[in-house]
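To keep things clear, I will list the structure first and then write my remarks on it.
The values are calculated or read from the model by the stated rules, or taken from the named source; none is laboratory data. If you're wondering where the values come from, they're calculated on a predicted model, not measured in any experiment. Glycine gets a Cβ as well: all are built from the backbone with ideal geometry, and neighbour counts include every protein chain shown. Only protein heavy atoms, including side chains, enter the accessible area calculation; ligands, DNA and RNA are left aside. Shrake-Rupley method; radii C 1.70, N 1.55, O 1.52, S 1.80 Å.
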There are 4 protein chains.
Amino acid sequence: MNYTPRPEHHFTFGLWTVGNPGRDPFGEPVRSPLAPAHIVRKLAELGAYGVNLHDEDLVPRDANPGERDRIVREFTQVLADTGMKVPMATTNLFSDPAFKDGAFTSNDGRVRAYALTKTRKAIDLGVELGATTYVCWGGREGVETNAAKDPRAALGWYRDAINSLCEYIKSQGYDLRIALEAKPNEPRGDIFLPTTGHMLAFIYTLDHPEMVGVNPEVAHERMAGLDFSHAVAQALDAGKLFHIDLNGQQPGRFDQDLRFGSDDPKAAFFLVKLLEDTQWPGMRHFDSHAYRTEDEAGVWDFAAGSMRTYLILKEKVARFNADKEIQQLLKEVGAQGDAFTSDRPIDVAALRTRGYAYERLDQLTMELLLGVR
Amino acid sequence: MNYTPRPEHHFTFGLWTVGNPGRDPFGEPVRSPLAPAHIVRKLAELGAYGVNLHDEDLVPRDANPGERDRIVREFTQVLADTGMKVPMATTNLFSDPAFKDGAFTSNDGRVRAYALTKTRKAIDLGVELGATTYVCWGGREGVETNAAKDPRAALGWYRDAINSLCEYIKSQGYDLRIALEAKPNEPRGDIFLPTTGHMLAFIYTLDHPEMVGVNPEVAHERMAGLDFSHAVAQALDAGKLFHIDLNGQQPGRFDQDLRFGSDDPKAAFFLVKLLEDTQWPGMRHFDSHAYRTEDEAGVWDFAAGSMRTYLILKEKVARFNADKEIQQLLKEVGAQGDAFTSDRPIDVAALRTRGYAYERLDQLTMELLLGVR
Amino acid sequence: MNYTPRPEHHFTFGLWTVGNPGRDPFGEPVRSPLAPAHIVRKLAELGAYGVNLHDEDLVPRDANPGERDRIVREFTQVLADTGMKVPMATTNLFSDPAFKDGAFTSNDGRVRAYALTKTRKAIDLGVELGATTYVCWGGREGVETNAAKDPRAALGWYRDAINSLCEYIKSQGYDLRIALEAKPNEPRGDIFLPTTGHMLAFIYTLDHPEMVGVNPEVAHERMAGLDFSHAVAQALDAGKLFHIDLNGQQPGRFDQDLRFGSDDPKAAFFLVKLLEDTQWPGMRHFDSHAYRTEDEAGVWDFAAGSMRTYLILKEKVARFNADKEIQQLLKEVGAQGDAFTSDRPIDVAALRTRGYAYERLDQLTMELLLGVR
Amino acid sequence: MNYTPRPEHHFTFGLWTVGNPGRDPFGEPVRSPLAPAHIVRKLAELGAYGVNLHDEDLVPRDANPGERDRIVREFTQVLADTGMKVPMATTNLFSDPAFKDGAFTSNDGRVRAYALTKTRKAIDLGVELGATTYVCWGGREGVETNAAKDPRAALGWYRDAINSLCEYIKSQGYDLRIALEAKPNEPRGDIFLPTTGHMLAFIYTLDHPEMVGVNPEVAHERMAGLDFSHAVAQALDAGKLFHIDLNGQQPGRFDQDLRFGSDDPKAAFFLVKLLEDTQWPGMRHFDSHAYRTEDEAGVWDFAAGSMRTYLILKEKVARFNADKEIQQLLKEVGAQGDAFTSDRPIDVAALRTRGYAYERLDQLTMELLLGVR
């Protein structure tokens, strides 16, 4: 089989992901920063479709307008040279100490205003680079102690901010949709709107819900011990899957951002199955980074492996869908929506004793996944 | 201070909670079943407002119509004698082996039909007893392996069921609202719509969203490591807090249903603060049970303690709101919504160096909670 | 490849595992009890080496001596007929309501005495059936509230009990070793000696540490989010791996006892690698049960799948060990214990910039596991 | 009541704790570094007994011997001026990129040698400052993928290192004990010897177990969802509680290092009860830091609050021990070790129906904790 990534597979990486220098809460950076142009060229070689970025990934926080324009011009040239796209942009609302109590939900109204101003500029930058999706991850929208903040006030401020950004996008005539990203905790003790479900619900309370969807991330949902593919299915069901962050994570611990498929291949398989079965047209974005043990060569191994694993799993999905024994089991159990005419009398005793053959079905799935079927 | 519960405090218990016989996955029951009439009388003595029930808590699964009517008549008499109410009713969709693959989302269409029939009868029973809230906890709406079920199909079946129940309620002219209850896992590996957030989002996709809200449960949100008061705040913000289940739970483990306030008094305090500050008019329902080490006397200790702890925390909320030093800190930090006029120039450097005094605020809160302030 | 289990693979099951009737905290049994003789014959057909049992799995709690002897005689005949062994026995110290506050650590001294008496009888039964390992899982040795019990007193009682059992075994001249099994919680809120590490440490405080080792269980260590293979490696390192319980579990939730290898094949692979690389001679015991959705046919699918998956992973271990590229990477990185002569001057700058190629190594491992290498 | 900390309470802080600049995985430092001398003077004012330190907290990594000696001399003078002690010292084996694959367990033998050299120097420094306890927290002794390292080899390297350090201490004639600190994960995916239990067990495999004990940390045990006081009780039972790290942590998430007693006052109460009831003579060391929202004033609020909360809980322990109703319940239930003469016949039926009154006991405990009793 050929597992070579190509642009039509729509694989994207954040500048901050392959560019991650390997700093962590207990240690200094282990890798030198990589220039954005170098990242774009290297990812193009590896078969990616594009790169995504925070404002500060490309333009330093304190760059003056002239510097900013020069940087953007040069970056645009690299994109043109390589054919790489920037389908998504976002804002860094977490690194600057100004955001220590949150951005859109800081108790300090000046911080909330500053966050909006910064975000509008990041939206301008993203649109200039061709982005059609704006991802919004607040980062620090939460608390360490509930004594500090009324969660109803915080939700109100959050809503005001998203409403304001929608108005801005409309006022500028931008072709841009917003994708909200949830996370349960880290770096704050508890973050507001902690899962994809809470984010989805929040969208319906906005002024322009049609402009806003979600950006579920594997690691963030798994941190809360939840099944990621179920959250994605709900977003798809609601027409709200605007973007997706692929990576890996063990439940109940710090945000690991592991290489996609490296920690739980079964969960990754069912996620790929969902995306491919629904022919979801969006970007397969990898929001992860190489282990801190790696040098730059390890970073590119990591990037190549992320895409390759997706393609391996995609092929397994096709095998699953074509597997006669598996499909027969699914048919027998009614998973394919076997019609039930409700005026038939129901034999409840039979429902109590029947088996569903899920052990057999799961064993066949595991053998397919392990490549021995 | 007087912490004596009275009916106007709106404390309710499920028949299944104080009636819990102490069976667990590894052990046999330790207490004899308590007759519903006995439970009602005893809770009335203790100062409760009412009791809630599953259909099978009162009427055995295989009772014939005559038996059913006699049981209901006698129970109604006890309610009248004691002044106790039945504000909420629900359906047991989990004990019967017929529901082993779920009720509304079973792959077997016959099971889905049976679940609807059973639920309609439980709704009739609840309305007959005076209930105005119907709680829907599927119990087994989930999977052990994603090979078994397409989550999009399951969501569709789930929606069909709730839509059908709404139509039934309307067709019967019942004054009844539905409150959906989320849980992340147990007894299934992964349960669909696993948190209050996912449930809230799902409601917006229904035919009659105005009839449907949520019933958040402390233990269920804590199982996923989430802040319960944030979920309740979001439900309040959306006008969807139709009912609430109070209990206790350590994160990341089996469903414990501990006595309210017994495991994390700080979290319980902020929950009570939210409910009391918003003057939420609903029932304070305790969905918990006595430790399995207890005999019947221990059960009533448990029930009395649940209500007493709520009242202790309610008094502490009043103290917090009246505490001059705490309120001054909150005012200074802007938590009370200090207006910010956005045309003032923002001194970002000042935002970076300022402190929020949250350590001091939290310490004062803890001292108030510990009764040394 | 041939993945057919045979007795020489040393696969064993508990009578309580394939015999599990599918009761859970929210639901009634879904399967009829299976007679022990039937289980033995069926497992023999499937290629197992033996069965293990709690006293009550074979002999009802209230059987009189005559009944007990008849049951044992008939069971022994079935073992002889099928060639099946009983390598391990244990005691049910959790089902009887008498043990609601624990067995060896109950606050009630009468319960502690009763637990010892029951255990001595279970040891006699196990030895009579040929067992050489006695597994001790207390089940309820813990608390819901620390107000109830001083943990130092509980540890003392626990130690007294194990010391007493060792004396009993010696006094009877039995050829029997004790394997202690840890679990962090469920059915108690917090269980004493919650992980394999705590159990290992406890052994060194006993009167006869040489008679006592551990029985690590995948699910129990994973409930605490710990890496199971690391715990097993520590037990091996200490010469204390006396038995092992194979199954599957998602971290941070109720005790699932899933089919081995069905939830996290990567973790299962590294466990099999450890057991096979060290040529560990013990039993591969499956302490798990079929999904509650299954009828009896599903139970045997489950049992067959458990063994088959082990053999699939065992073959992958051989491939990993023979894979030239993987072995070359391991050699280069020093994982094979490359000698370092400490009088060479250390170039710390080089240590800071070097990479370890673990992303590449892990990707190759995953591809081997997925069968595409 | 008087909750004023004084030196005789033996409260200590790490230089790295109050000196924490508030950097996290997503954000830059928010506070300026504090000079060690300033920290010592300020903590002395607040009533602390002493400070603890990593080598690099005091002496920069690349200081030459002259600089090192000058820094130590000046620091010693501050200690003398203030009467503050340095009871514990440790080594930073995690910040330097050289340790990216671990220190004592790195696959690279040069790293292992470098780590030993650095640790011997830190031991010298600690002893020079008067420390009698050396805490060993490896920080990075683990893996992201089990493909990278054989856990048996890693345990062997770990043991070699501790044995070597014990030899060094003996060879120098130092009066110094080693306290090993466990942590389950972060910054590595899985850390070897992940809990206090695993660490305790490891000690018995060392050449000089009598020189080595444990340093349990609240946050680290809670990250794995374990009851901290049980782990401390086991260490006390084994005579191995050489040091302790007090802080706070929600289970199942990133390492929070919250202010002691701020997250779970009930658990903190039972920990203080254990330490005070056993009259444990060691240091009450706070290994935590102020919220990142704080400026320097907030840091001192945090430090003062840590000590004050300990004293509040200590007073509550005295009340619990003097509470007649609580003590009567404990006496009745046998928690105080009521002797049981085993030749009395056991009435098992009575054991099955008896209650333990733990709900009542826990409710009284909570009311005492909440200050309403």
Between the modelled labels at B:Gln172 and C:Asp81 (7 Å from Cα along Cα→Cβ) the distance in nm is 5.5
Under unit Cβ charges (Lys, Arg +1; Asp, Glu -1), what dipole magnitude, rounded to 20 debye, does the protein assembly as shown have relative to its Cα centre?
0
Residues of the range C:63-87 with the amide nitrogen closer than 18 Å to a label point 7 Å from the Cα of C:Ala35, along Cα-to-Cβ, please.
C:67-84
So what are chain A's ellipsoid semi-axes, whole angstrom, largest first, if each one is the square root of 5 times an eigenvalue of the alpha-carbon gyration tensor?
37, 27, 20
Going through B:Lys314/C:Lys149; B:Lys100/C:Lys314; A:Lys324/C:Lys42; A:Lys149/B:Lys273 one by one, the pairs whose alpha carbons sit over 22 Å apart turn out to be B:Lys314/C:Lys149; B:Lys100/C:Lys314; A:Lys324/C:Lys42
For A:Arg177, distant residues with modelled amide H under 5 Å away
A:Thr133, A:Tyr134
Could you work out the pair-distance distribution P(r) of the range C:141-223 from its alpha-carbon pairs, with 10 angstrom bin width and percents rounded to whole numbers?
17, 46, 30, 6, 0
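Considering all projection directions equally, how large on average is the shadow of the alpha-carbon convex hull of the range B:111-187, in square nanometres?
That works out to 5.4 nm².
Could you give the C-alpha radius of gyration of the range A:220-373 expressed as a fraction of 2.2 N^0.38 Å, taking N as the number of residues it contains?
Rg over 2.2 N^0.38 Å, computed on Cα atoms: 1.25.
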Just the number, please: buried accessible area between D and C, total of both chains, 1.4 angstrom probe, nearest 100 square angstrom.
6300
If a/c stays under 1.5 just call it rounded; otherwise compare a/b with b/c (prolate if a/b is bigger, oblate if not). Do that for the range D:284-334, with a ≥ b ≥ c from the square roots of the Cα gyration tensor eigenvalues.
prolate
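Under a point-charge model restricted to the Cβ atoms of Lys and Arg (+1) and Asp and Glu (-1), what is the dipole moment magnitude of chain B relative to its Cα centre, in debye to the nearest 20?
240
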Find which of B:Thr278, B:Thr309, B:Ala297 sits farthest along the positive direction of the dipole of the range B:274-321, computed with +1 on the beta-carbon of Lys and Arg, -1 on that of Asp and Glu, about the Cα centre.
B:Thr278
Using a 1.4 Å probe over the heavy atoms of the protein chains, calculate the carbon and sulfur portion of the accessible area of the range C:114-188 as a whole percent.
43
If only Cα atoms are counted, what is the Rg of the range A:64-213, and what is its Dmax, in Å?
16.1, 53
Using r as the Cβ-Cβ distance of A:Ala322 and A:Gln279, and R0 as 22 Å, what FRET efficiency do you calculate, to the nearest 0.05?
0.85
Please compute, for peptide D:345-353, the average count of beta-carbon atoms on other protein chains lying within 10 Å of each residue's beta-carbon.
6
Distance in nm between B:Glu296 and C:Glu128 label points, each 7 Å along Cα→Cβ, equals 4.0
What is the protein assembly as shown by shape, rounded, prolate or oblate, if you read a ≥ b ≥ c off the alpha carbon gyration tensor as root eigenvalues and call it rounded for a/c under 1.5, prolate for a/b larger than b/c, and oblate otherwise?
rounded
Where the Cα atoms of the range A:224-302 are projected onto their three principal axes, how long is each span, largest first, in whole Å?
41, 27, 20
Theoretical ellipticity at 222 nm over the protein assembly as shown - DSSP helices of four or more residues, -39500 (n - 2.57) apiece, nearest 500
-14500 deg cm²/dmol
Putting +1 on Lys and Arg Cβ atoms and -1 on Asp and Glu Cβ atoms, find which of C:Ala35, C:His54, C:Asn64 reaches farthest to the positive end of the dipole of the range C:25-64.
C:Ala35
Find which of B:Asn2, B:Leu79, B:Ala103 sits farthest along the positive direction of the dipole of the range B:1-118, computed with +1 on the beta-carbon of Lys and Arg, -1 on that of Asp and Glu, about the Cα centre.
B:Asn2
Anything in chain A that counts as a DSSP H helix reaching 18 Å or more along its axis (C-alpha) with Kyte-Doolittle mean of at least -1.0? List them, would you?
A:65-82, A:109-128, A:151-172, A:296-322
Round to a whole angstrom and tell me the spacing of the C-alpha centers of the range A:231-260 and the range B:1-80.
42
Once phi is turned into ³J(HN,Hα) by the Karplus curve 6.51 cos²θ - 1.76 cosθ + 1.60 with θ = phi - 60°, what whole-Hz value does each residue of the range B:175-187 show in order, with x for glycine and proline?
8, 8, 10, 9, 10, 8, 10, 9, 7, x, 6, 6, x
For chain D, report the accessible area per residue in Å² (1.4 Å probe, heavy atoms, rounded to an integer).
31
Would you please classify the overall shape of the range A:1-101 from the alpha carbon gyration tensor, given that a ≥ b ≥ c denote the square roots of the eigenvalues, rounded means a/c under 1.5, and beyond that prolate means a/b larger than b/c while oblate covers the rest?
oblate
The range D:172-309 - charge dipole about Cα centre, Lys and Arg +1 at Cβ, Asp and Glu -1, debye rounded to 20
200
In nm, the gap between the two label points placed 7 Å beyond Cα toward Cβ at C:Arg23 and B:Ser95 is 1.4
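Express in nm, to one decimal, how much length is gained between A:Arg70 and A:Ser164 on full extension, taking 0.36 nm for each residue of separation and deducting their alpha carbon distance.
30.9 nm
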